[in-house]
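Peer 1: One structure, as structure tokens, below. Some questions next.
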Amino acid sequence: MTLTPTPADGLPVSVEGRDFPTNRGGLCRKGWSSAELLTAPDRLVSPLLRGADGELHPASWDAALDLIADRIREIQDQSGRDAIGVFGGGGLTNEKAYQLGKFARIALRTSRIDYNGRFCMSSAAAAANRAFGIDRGLPFLLEDLDTAHTILMLGSNVGDTMPPFVSHLQGARARGGLVVVDPRRSTTARLTADGGGLHVQPVPGSDLALLLGLIHVVIAEALYDADYVTRRTSGFEALRRSVSMWWPERAEQVTGVPATDIRSLARRLAESASTYILTGRGVEQHADGTDTATAAINLALLLGLPGRPGSGYGTLTGQGNGQGGREHGQKSDQLPGYRRIDDPDARAHVAAVWGVDPSIIPGPGIPAVQLLQSSGRPGGIRALLVHGSNVVVSSPDVQSIRDALGRLDLLVVSDFFLSETARLADVVLPVLQWAEEEGTMTNLEGRVLRRRRALQPPAGARSELWIMAELARRLEAPGAWDLDPAVVFDELARASAGGLADYSGLSHALLDEGAAAHWPYPAGSTGTPRLFADRFAHADGSARLVAVRSRAPETPRGGELSLITGRLLEHYQSGTQTRRVAELEAAQPELVAQLHPATARDRGLVEGGRVRLENARGAIEARVGVSGDIRPDTVFLPFHFPDASSANLLTSSRLDPISSMPEFKNAVVTATRVP
């Protein structure tokens, strides 16, 4: 994206697509219209404090920060350091994500920090770490997909979520090799029509069973790369035994996918000269999401794809800085450089960079859902600082989270709009938008990108770096709290040195020269655009084949339906930004439930009418959208809408035991007509 500071259309900047390898000058509707947010009439330009009347009122920065610091001291004196929680976001720059983790650990001295990436990438990250020893969304260049003969996409609708990505699918599509696994005939699934490939439409929640069926065929028919498996992996025998009962006919009974399709797909993947397997949130946002992503990796390893030129496995990052945001300390168990917080050597290294004794750095905290649910409970947090997240829209079983935040003694939200979470806050702090700040982001292929300021922010808004520095000073915290993102990045680089996500050879100056910077980028190197050519990141250099087992998902009974959630082309995440762009709001102004014609007919529902969706967690009403693109046993809701229209009123907070990913994609609801 390139910006022109003084365009002729009255907006503060104009947005143009940049000729770049990942997007080739293309932007989605959200990108093209993003400049409108910079002049939105409800932009926050002053701190807000909740008064005795229960309303939010403008206040000075000193008054707001003094109140926060005083309340933090009071709460920690009464209830201990872990009574303060911090919730970050995958949209923060690398510099702010790094500084937020540091602020939590040595200014607040709390272990209670996590971020919204726990709702997004955690299962994929956990699976990659245990299989490969490292987590980078795409361990290859996005351009590598251009020459693929076969691409298997599991649970991702890039046609709506990141339209420029679609250009990288055209080679496989031209060869009839694009395979999309999705219970809906999504925009991406429709690309398989007219000889472009295959749309596989399984029962919701049965992706793991489908993958186990594919692995069974690959092993039973000796389609796997025996030399690669012997030289580069361990765990084959346990994997072989674990899938022995998943013959295609059994997989068909669970998934609804014909056994003949399972066999032909396994053969296509194995026989193709260039094969990629890609996963997304649709298969990962489950209580068995880590195991499902692991099964996809097992399939890729059996076929010898990771590290082989022209083939590979990867997972698609969902947020603007979803990759960088999970590398530098926002996660509850993590220090910068993707280091484990319980590793004594990692603690000593980072403490030296921070200029503190390692003993003052807290140990592991608790993941996002548990962190939020602990609000106001015995032993839980009493105060929460939220940066870059709108948790009362984006969390699972969201009414329980709204109730939890209501139990807090102090809620502080940093945002540039009065989001639904900010509306509940005791203190709201106005921060900078994307075009008003310097920094870096890391994309899905591990490429570190520069974000440059295009215009001055409103007088009352401040960078989170400044906010953290001011609070650290008031709390008499140790360490340096620089305001210059370039200096903060240099510290991040030193803190990451020797870690899995090593940025030590990078700087703003180097990035400004246009370097293609893919981490690991240790000092003295030129980066690592492609991983796994010679070895994996485990100490012995081998990848792990990890046997996993399918567990029965929550399934509909009687007239119930499986609920799946996802994104729309026009909106993003909780909609805090996109619902403020007139063009996008006009295109998708309200919640619409997508139902199959037979499903609608059986319930007396008509296109444009109203439907009530309900389960034990809550109920919502939505407009009816009738479409043959969805299974008759399924209903689809977008999750961008707030308040009584939040799809997450119905989703479950059941967690993946490994990643703590919530069960966003497996819920059961009833659907009834609203007169």
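The values are calculated or read from the model by the stated rules, or taken from the named source; none is laboratory data. Values in this document were obtained by computation on a predicted structure and should not be read as measured data. Backbone-built Cβ (ideal geometry, glycine too); neighbour counts: all protein chains shown. Just so you know, the surface numbers come from the protein's heavy atoms only, side chains and all, with ligands and any DNA or RNA stripped out. Shrake-Rupley method; radii C 1.70, N 1.55, O 1.52, S 1.80 Å.
Peer 1: Starting from residues that are closer than 20 Å to ARG184 by Cβ and in a loop (DSSP other than H, G, I, E, B), keep the ones in the stretch 596-607 and report whichever is least open to solvent (accessible area, probe 1.4 Å).
Peer 2: Among them, the one singled out is LEU605.
Peer 1: Right, THR147: touching a helix residue (DSSP H, G or I) at 6+ places or on another chain (Cβ under 7 Å) and either open to solvent by 10 Å² or more (accessible area, probe 1.4 Å) or of a type in the set (Lys, Arg) (or both) or not?
Peer 2: It is true that THR147 is touching a helix residue (DSSP H, G or I) at 6+ places or on another chain (Cβ under 7 Å) and either open to solvent by 10 Å² or more (accessible area, probe 1.4 Å) or of a type in the set (Lys, Arg) (or both).
Peer 1: List every residue pair whose Cβ atoms sit under 9 Å apart, with the two residues 6 or more apart in sequence or on different chains, where the first one lies in the stretch 70-91 and is in contact (Cβ under 8 Å) with a residue 60 or more places away in the chain and the second, anywhere, is open to solvent by 10 Å² or more (accessible area, probe 1.4 Å) and among the acidic types (Asp, Glu).
Peer 2: Close Cβ pairs (under 9 Å, with a partner that is open to solvent by 10 Å² or more (accessible area, probe 1.4 Å) and among the acidic types (Asp, Glu)) amount to ARG71/ASP409; ARG71/ASP426; ILE75/ASP409; ALA83/ASP409.
Peer 1: Checking GLU621 against (1) in contact (Cβ under 8 Å) with a residue 60 or more places away in the chain; (2) under 30 Å from GLN370 (Cα atoms); (3) of a type in the set (D, E, K, R), which test does it fail?
Peer 2: Of the numbered conditions (1) in contact (Cβ under 8 Å) with a residue 60 or more places away in the chain; (2) under 30 Å from GLN370 (Cα atoms); (3) of a type in the set (D, E, K, R), the odd one out for GLU621 is (1).
Peer 1: Being over 21 Å from ASP490 (Cα atoms) and buried (at least 24 other Cβ atoms within 10 Å of the Cβ): is that true of GLY310 here?
Peer 2: Criteria not met by GLY310.
Peer 1: Among the residues of the stretch 294-311, are any part of a strand (DSSP E or B) and out of contact with any Pro (no Cβ under 7 Å at 6 or more places or on another chain)?
Peer 2: No, the stretch 294-311 contains no residue that is part of a strand (DSSP E or B) and out of contact with any Pro (no Cβ under 7 Å at 6 or more places or on another chain).
Peer 1: Tally time: how many residues in the stretch 511-526 are of a type outside the set (Ser, Thr, Tyr) and within 24 Å of the chain's Cα centre (by Cα)?
Peer 2: The total comes to 5.
Peer 1: Right, something else. Of the residues LEU563, LEU649, LEU569, which is more than 22 Å from ASP207 (Cα to Cα) and either in contact with a strand residue (DSSP E or B) (Cβ under 6 Å, 6 or more places away or on another chain) or of a type in the set (S, T, N, Q) (or both)?
Peer 2: Going through LEU563, LEU649, LEU569 in turn, just one is more than 22 Å from ASP207 (Cα to Cα) and either in contact with a strand residue (DSSP E or B) (Cβ under 6 Å, 6 or more places away or on another chain) or of a type in the set (S, T, N, Q) (or both): LEU649.
Peer 1: Shifting gears a bit: Of everything in the stretch 349-371, what is open to solvent by 40 Å² or more (accessible area, probe 1.4 Å) and either assigned to a helix (DSSP H, G or I) or not aliphatic (A, V, I, L, M) (or both)? Give them in sequence order.
Peer 2: Hits for the stretch 349-371 are HIS349, ALA352, GLY355, ASP357, PRO358, SER359, PRO364, GLN370.
Peer 1: Looking for whichever is open to solvent by 10 Å² or more (accessible area, probe 1.4 Å), touching a helix residue (DSSP H, G or I) at 6+ places or on another chain (Cβ under 8 Å) and either outside any loop (DSSP other than H, G, I, E, B) or closer than 26 Å to LYS30 by Cβ (or both) here; the options are GLU614, GLU583. Which one fits?
Peer 2: Matching residue, one of GLU614, GLU583: GLU583.
Peer 1: Hey, TYR572 hits all of (1) of a type in the set (Ser, Thr, Tyr); (2) open to solvent by 20 Å² or more (accessible area, probe 1.4 Å); (3) touching a residue at least 24 places away in the same chain (Cβ under 8 Å); (4) more than 29 Å from ARG654 (Cβ to Cβ) but one; which does it fall short on?
Peer 2: For TYR572, the failing item is (4).
Peer 1: Could you list, in sequence order, the residues of the stretch 508-534 that are open to solvent by 30 Å² or more (accessible area, probe 1.4 Å), free of Cβ contacts under 8 Å to residues at least 40 places away in the same chain and in a loop (DSSP other than H, G, I, E, B)?
Peer 2: GLU513, GLY514, ALA515, PRO522, ALA523, GLY524, SER525, THR526
Peer 1: Consider only pairs whose beta carbons are under 7 Å apart and that are at least six residues apart or on different chains; among these, list those whose first residue lies in the stretch 258-274 and is farther than 17 Å from VAL181 by Cα and whose second residue is open to solvent by 50 Å² or more (accessible area, probe 1.4 Å).
Peer 2: Short answer, once both residue conditions are applied: SER272/HIS149; ALA273/HIS149; SER274/THR147; SER274/HIS149.
Peer 1: Within the stretch 664-674, identify whether any single residue is within 24 Å of ASP602 (Cα to Cα) and among the hydroxyl-bearing types (Ser, Thr, Tyr), and answer yes or no.
Peer 2: There is at least one residue in the stretch 664-674 that is within 24 Å of ASP602 (Cα to Cα) and among the hydroxyl-bearing types (Ser, Thr, Tyr).
Peer 1: Take residues that are closer than 30 Å to LYS665 by Cα, open to solvent by 30 Å² or more (accessible area, probe 1.4 Å) and not acidic (Asp, Glu) and tell me which of the helices (runs of 4 or more DSSP H) falling wholly in the stretch 390-486 contain 1 or more.
Peer 2: 391-394, 398-406
Peer 1: For SER359, all conditions in the list (1) closer than 15 Å to LEU108 by Cβ; (2) at pLDDT 95 or above hold save one; what is the number of the exception?
Peer 2: (1)
Peer 1: Further question: For GLY322, only one of the following conditions fails: (1) within 30 Å of GLY498 (Cα to Cα); (2) at pLDDT 95 or above. What is its number?
Peer 2: That leaves (2) as the condition not met.
Peer 1: Just to be sure before I move on: is ASP633 over 21 Å from THR161 (Cα atoms), open to solvent by 30 Å² or more (accessible area, probe 1.4 Å), touching a residue at least 40 places away in the same chain (Cβ under 8 Å) and out of contact with any strand residue (DSSP E or B) (no Cβ under 8 Å at 6 or more places or on another chain) in the structure I sent?
Peer 2: no
Peer 1: Looking only at residues that are within 23 Å of the chain's Cα centre (by Cα) and assigned to a strand (DSSP E or B) in the stretch 372-387, which one is nearest to GLU464 (Cα to Cα)?
Peer 2: HIS387
Peer 1: Name the residue that is nearest to ASP343 (Cα to Cα), counting only residues in the stretch 494-505 that are touching a Ser or Thr at 6+ places or on another chain (Cβ under 8 Å) and in a loop (DSSP other than H, G, I, E, B).
Peer 2: GLY498
Peer 1: Just to confirm my filter: which strands (runs of 3 or more DSSP E) fall fully inside the stretch 35-138 and include at least 2 residues that are open to solvent by less than 10 Å² (accessible area, probe 1.4 Å)?
Peer 2: Filter on the stretch 35-138 gives 84-88, 113-115.
Peer 1: Consider ALA593 carefully, then state whether it is in a helix (DSSP H, G or I), small (Gly, Ala, Ser) and under 30 Å from the mean Cα position of the chain (by Cα).
Peer 2: Here the answer is no, as ALA593 does not meet what is asked.
Peer 1: Given the structure, is ILE106 within 25 Å of GLY318 (Cβ to Cβ) and modelled with pLDDT of 95 or more?
Peer 2: no
Peer 1: If you scan the stretch 44-102, which residues turn out to be among the basic types (Lys, Arg) and over 30 Å from ILE360 (Cβ atoms)?
Peer 2: ARG50 - this is the single residue of the stretch 44-102 that is among the basic types (Lys, Arg) and over 30 Å from ILE360 (Cβ atoms).
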